[in-house]
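A short worksheet on the structure shown next.
The values are calculated or read from the model by the stated rules, or taken from the named source; none is laboratory data. These numbers were taken from a predicted model, which means no experiment stands behind them. Glycine also receives a Cβ, built like all others from the backbone with ideal geometry; neighbour counts cover every protein chain displayed.
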Amino acid sequence: MVPQAVDDESTRPPSADGIPLRFGEGRISGILSVFLGAASLVAVLCFHFPELLTTPELRQAYPVEILRDLLRLGMVLALAFGTLTFFLGGARRLGATGIALVWIAQGIGGANVYVDDFAQPAISFGFDYLILALLANSIVFIFIERLWPLRPEQLTLRPEWRLDLVYYGFNHVMVSFVLLVTTFFSEGLFGWAVNESLQAAIRSQPGWLQFLEVLFVADLTQYWGHRLMHEQPALWNVHAVHHCPARMDWLAGSRMHFAEVLFIRSIVIFPIFLLGFAQSAISGYVVWVAIQAVLSHANTSLPFGWLRHLIVTPHLHHWHHSADPEAIDRNYAASLPFLDRLFGTYLDNAGRWPERYGIVGKPLPSGFLAQHLYPFISRDRTE
Ligand SMILES: [Zn+2]
Ligand SMILES: [Zn+2]
């Protein structure tokens, strides 16, 4: 991390402001109605334009009929929650919006849109991935954060949740573009370095062993890529976006400059491609790292016991985001904490949690566009 003058705003302790959610007021129903209504509308659009809006890798994995039933359920629930807001007398505007979204979704075909055979264009957007991942993540992690909260006073809809939702949406929707770039990076530029007999030997190992090897190789690469981003001022300005949230929760980890997503994915996929692991081992790693990336930022003190020595827990990664001087440039690993022990950047602080999170120094601008432009236009960034 590039040291800057200590400042105020981004290093303030998290406060309890945001949008409070209480049962019986209608706001929870209203938000659920809008979310499910919007997700239903996007899902219907995915049925209409699967070649453009869905992820090829995912499409092979799920049966379309189950998705149709899921869509029907989502629409019914959006209507039910929307109607409930009128009975509860609060957040009626949200409820009406949710109901209107379902009407539009039904108006353009609903769950009955016929999916024809289609040719896959070079690039498509992962709206299906976005809806499914957001649905699964929000259900699981909001539950965990309410059941084992680290900071119970921090609200689910805390300040800047909308901004992080935009980051979440953008980085998920661009999944095909990221895959395109990283595939070109590894196959197009380094295809010549592939050793067939080495790859055959690697693929002859059991699947679980290959999974562990992918995890190790990927995390080792990620460790050094991450560390480079902290130590090189120009890269730090890109990575600073990930460090600017002053509050940690499951959604805060999504705050990541798109250039960082491309950079880290490209360097991580390179050794995996070169070593030629089986697709099942790579898929296992992708699922693992997606879950862990969300979990390690979550606002939870869920006890992990001895597992905390084996995998990166929220406790370890919260310290990576800490603005406390002792924690600067510590705990780089995404999955395997022994890498930090090995390279001398491990900070344990067992039983103690950071006082404050965020950037030490001049705060970053707020807003998705401003933060994306920040590394390129900020003149005082490396001083
Ligand atoms: Zn970092
Ligand atoms: Zn992080």
Taking region 235-260 on its own, how many of its residues are away from ligand 2 (no atom under 13 Å from the Cβ) and within 18 Å of residue 332 (Cβ to Cβ)? 4
Evaluate the following for residue 294: is it more than 16 Å from ligand 2 (Cβ to nearest atom) and either crowded, with 16+ Cβ neighbours inside 10 Å or of a type outside the set (Gly, Ala, Ser) (or both)? no
Reported set for region 262-277 where residues are more than 13 Å from ligand 2 (Cβ to nearest atom) and either of a type in the set (Lys, Arg) or under 14 Å from the mean Cα position of the chain (by Cα) (or both) is 262, 265
Could you grab me the full set of residues in region 56-92 that are within 29 Å of the chain's Cα centre (by Cα) and charged (D, E, K, R)? 57, 59, 65, 68, 69, 72
Selection from region 347-383 of residues of a type in the set (S, T, N, Q) and either closer than 20 Å to residue 246 by Cβ or within 20 Å of the chain's Cα centre (by Cα) (or both) yields 349, 366, 371, 378
Picked from region 325-346 (must be surrounded by fewer than 17 Cβ atoms within 10 Å (Cβ to Cβ) and away from ligand 1 (no atom under 12 Å from the Cβ)), the residue nearest to the chain's Cα centre (by Cα) is 338
Which of the helices (runs of 4 or more DSSP H) found entirely inside region 248-361 contain at least 1 residues meeting this: under 27 Å from residue 148 (Cα atoms)? 279-295, 314-320, 338-342
Residue within region 304-311 that is more than 16 Å from ligand 1 (Cβ to nearest atom), under 30 Å from residue 195 (Cβ atoms) and out of contact with any Asp or Glu (no Cβ under 8 Å at 6 or more places or on another chain) present: no
What residue, of 296, 366, is at pLDDT below 95, among the polar types (S, T, N, Q) and closer than 29 Å to residue 169 by Cα? 366
Looking only at region 216-232, how many residues end up being under 18 Å from residue 199 (Cβ atoms) and either within 16 Å of ligand 2 (Cβ to nearest atom) or under 18 Å from the mean Cα position of the chain (by Cα) (or both)? 1
Among (1) under 13 Å from residue 249 (Cα atoms); (2) buried (at least 18 other Cβ atoms within 10 Å of the Cβ); (3) at pLDDT below 90, which single condition is residue 145 missing? (3)
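To keep it simple, each residue is scored yes or no on (1) in contact with a strand residue (DSSP E or B) (Cβ under 6 Å, 6 or more places away or on another chain); (2) modelled with pLDDT of 95 or more; (3) among the polar types (S, T, N, Q).
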{"residue": "279", "(1), (2), (3)": "no, no, yes"}
{"residue": "286", "(1), (2), (3)": "no, no, no"}
{"residue": "304", "(1), (2), (3)": "no, no, no"}
{"residue": "327", "(1), (2), (3)": "no, no, no"}
{"residue": "333", "(1), (2), (3)": "no, yes, no"}
{"residue": "358", "(1), (2), (3)": "no, no, no"}
Options 21, 41; residue that is surrounded by fewer than 20 Cβ atoms within 10 Å (Cβ to Cβ) and either of a type in the set (Lys, Arg) or modelled with pLDDT of 65 or more (or both): 21
